[in-house]
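The values are calculated or read from the model by the stated rules, or taken from the named source; none is laboratory data. Note that the coordinates shown come from a computational prediction; the quantities given were computed from them, not determined experimentally. With ideal geometry, Cβ positions are generated from the backbone for all residues, glycine too; neighbour counts draw on all protein chains shown.
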Amino acid sequence: MSQFSANLTLMFNEVDFMDRFKLASQNGFKGVEYLFPYDYPADDILQELNKNGLKQILFDLPAGDWGSGDRGIAVQPDRVGEFQDSVGKAIDYANTLNCKRITCLAGIPDPNEQADLNRQTLVDNLKFAAKSLNKKGITLLIEALNTIDVPGFYLTGTDQAVQVISDVSESNLKLQYDVYHMQIMEGDLIRTIVDNFNIIKHFQIADNPGRHEPGTGEINYKNVFNKINELGYDGWIGCEYNPLGDTVEGLDWLAVAERFATTMRTAQGRGTNLGFSCKSDA
């Protein structure tokens, strides 16, 4: 059965980053993820993980200068050396944190560069990263983002990401499927998940519009979770959403989802399809 991981970049940001691990654990999470760990010593993060009984589920490769607008550098031909150095840095953190998944953000290409060169740069960089990570038993993930939140981002749809994975042709390169981003860019969520389930190794969730908690928008998470469980997904689902208010006060949906998952374990054995609502019973 799948489990939910708290995204500490967005959740529990009422407190400083290093204090979020404790709050995640206190509110029932067993795993955490976030964009980047690199502002903090890996040993300090490991201490928080161990102290709070948490697993490090994933984080991202260094993505360039985030404050200046970079959203990854893998697609930029003039930054290949920087990209390769970033892979080594991520591996060092992953080894310390016992993290077995790392996400690569493709980035925003220079519109003045030739499209073929941008694409080949991405493929070559992903091949380099996947080979390097595979030596350490780490899965490399890529994800498509929406162009409303991230204008100009290179990977914008599932089919495009799947084709890149095929072209790279490394066994440990897989898809991170973000339900929120793909609702905006293409919809047709359940069919897309079913068609590509064999290469999806991580999910991330938020509702749309607003990127808030499941149940606050238009996405039918009842049906999405039903299908993910029906398919037998036993990985992690990252809660990458902006809390509508206080993080803890907005966790009612999670308690309902976890009760559903527990019941689903029994129902699957009987071939029963259960209903699910992201709304609290209260």
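Test LYS127 against the stated conditions and say whether it is in contact with a helix residue (DSSP H, G or I) (Cβ under 8 Å, 6 or more places away or on another chain) and not in a helix (DSSP H, G or I).
Judged against the criteria, LYS127 is not a match.
Could you tell me whether any residue of segment 66-82 is touching a strand residue (DSSP E or B) at 6+ places or on another chain (Cβ under 9 Å), of a type outside the set (Lys, Arg) and under 30 Å from PRO111 (Cβ atoms)?
Yes.
Any residue at all in segment 264-278 that is of a type outside the set (S, T, N, Q), at pLDDT 90 or above and in contact with a Ser or Thr (Cβ under 9 Å, 6 or more places away or on another chain)?
Scanning segment 264-278 turns up no residue that is of a type outside the set (S, T, N, Q), at pLDDT 90 or above and in contact with a Ser or Thr (Cβ under 9 Å, 6 or more places away or on another chain).
Every residue, every condition in (1) touching a Lys or Arg at 6+ places or on another chain (Cβ under 9 Å); (2) at pLDDT 95 or above; (3) in a helix (DSSP H, G or I), yes or no:
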| residue | (1), (2), (3) |
| --- | --- |
| LEU155 | no, yes, no |
| VAL162 | no, yes, yes |
| ILE165 | yes, yes, yes |
| LYS174 | yes, yes, no |
| TYR180 | yes, yes, yes |
| ILE184 | no, yes, yes |
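In segment 140-153, what residues are in a strand (DSSP E or B) and out of contact with any helix residue (DSSP H, G or I) (no Cβ under 7 Å at 6 or more places or on another chain)?
LEU141, the sole residue that qualifies.
Residues in segment 14-48 that are assigned to a loop (DSSP other than H, G, I, E, B), over 24 Å from LEU105 (Cβ atoms) and either in contact (Cβ under 8 Å) with a residue 40 or more places away in the chain or among the β-branched types (Val, Ile, Thr) (or both): how many?
4
List the number of the failed condition for LEU61; all other conditions in (1) buried (at least 22 other Cβ atoms within 10 Å of the Cβ); (2) within 12 Å of GLY238 (Cβ to Cβ) hold.
If we test LEU61 against (1) buried (at least 22 other Cβ atoms within 10 Å of the Cβ); (2) within 12 Å of GLY238 (Cβ to Cβ), just (2) comes out false.
Report the residue count in segment 194-214 for those that are under 19 Å from PHE12 (Cα atoms) and either surrounded by 15 or more Cβ atoms within 10 Å (Cβ to Cβ) or in contact with a Lys or Arg (Cβ under 6 Å, 6 or more places away or on another chain) (or both).
Counting residues in segment 194-214 that are under 19 Å from PHE12 (Cα atoms) and either surrounded by 15 or more Cβ atoms within 10 Å (Cβ to Cβ) or in contact with a Lys or Arg (Cβ under 6 Å, 6 or more places away or on another chain) (or both) gives 8.
Return the total of residues in segment 191-229 being under 19 Å from GLY250 (Cβ atoms), among the β-branched types (Val, Ile, Thr) and in contact with a helix residue (DSSP H, G or I) (Cβ under 7 Å, 6 or more places away or on another chain).
3
Looking only at segment 49-63, which residues are part of a loop (DSSP other than H, G, I, E, B) and either touching a Gly at 6+ places or on another chain (Cβ under 8 Å) or hydroxyl-bearing (Ser, Thr, Tyr) (or both)?
LEU54, LEU61, ALA63
Out of all the residues in segment 18-37, is one or more touching a strand residue (DSSP E or B) at 6+ places or on another chain (Cβ under 6 Å), at pLDDT below 95 and closer than 18 Å to ARG101 by Cα?
For segment 18-37, residues touching a strand residue (DSSP E or B) at 6+ places or on another chain (Cβ under 6 Å), at pLDDT below 95 and closer than 18 Å to ARG101 by Cα: absent.
For residues that are of a type in the set (D, E, K, R) and either surrounded by fewer than 13 Cβ atoms within 10 Å (Cβ to Cβ) or closer than 15 Å to LYS135 by Cβ (or both), tally how many sit in segment 102-117.
Total satisfying the criteria: 1.
Select from segment 134-155 the residues that are buried (at least 17 other Cβ atoms within 10 Å of the Cβ), without any contact (Cβ under 8 Å) to a residue 60 or more places away in the chain and over 13 Å from PHE83 (Cβ atoms) and list them in ascending order.
Residues satisfying the conditions are ILE138, ILE142, ALA144, ASN146, LEU155.
I need a count of the residues in segment 75-111 that are over 17 Å from HIS202 (Cβ atoms), assigned to a helix (DSSP H, G or I) and either aliphatic (A, V, I, L, M) or modelled with pLDDT under 95 (or both).
Residues meeting the conditions: 3.
Filter segment 1-13 down to residues that are at pLDDT 95 or above and either under 15 Å from THR96 (Cα atoms) or assigned to a loop (DSSP other than H, G, I, E, B) (or both), then give me how many there are.
6
So which residues in segment 64-78 are in contact (Cβ under 8 Å) with a residue 60 or more places away in the chain and surrounded by fewer than 23 Cβ atoms within 10 Å (Cβ to Cβ), if there are any at all?
The answer is ARG71, and nothing else.
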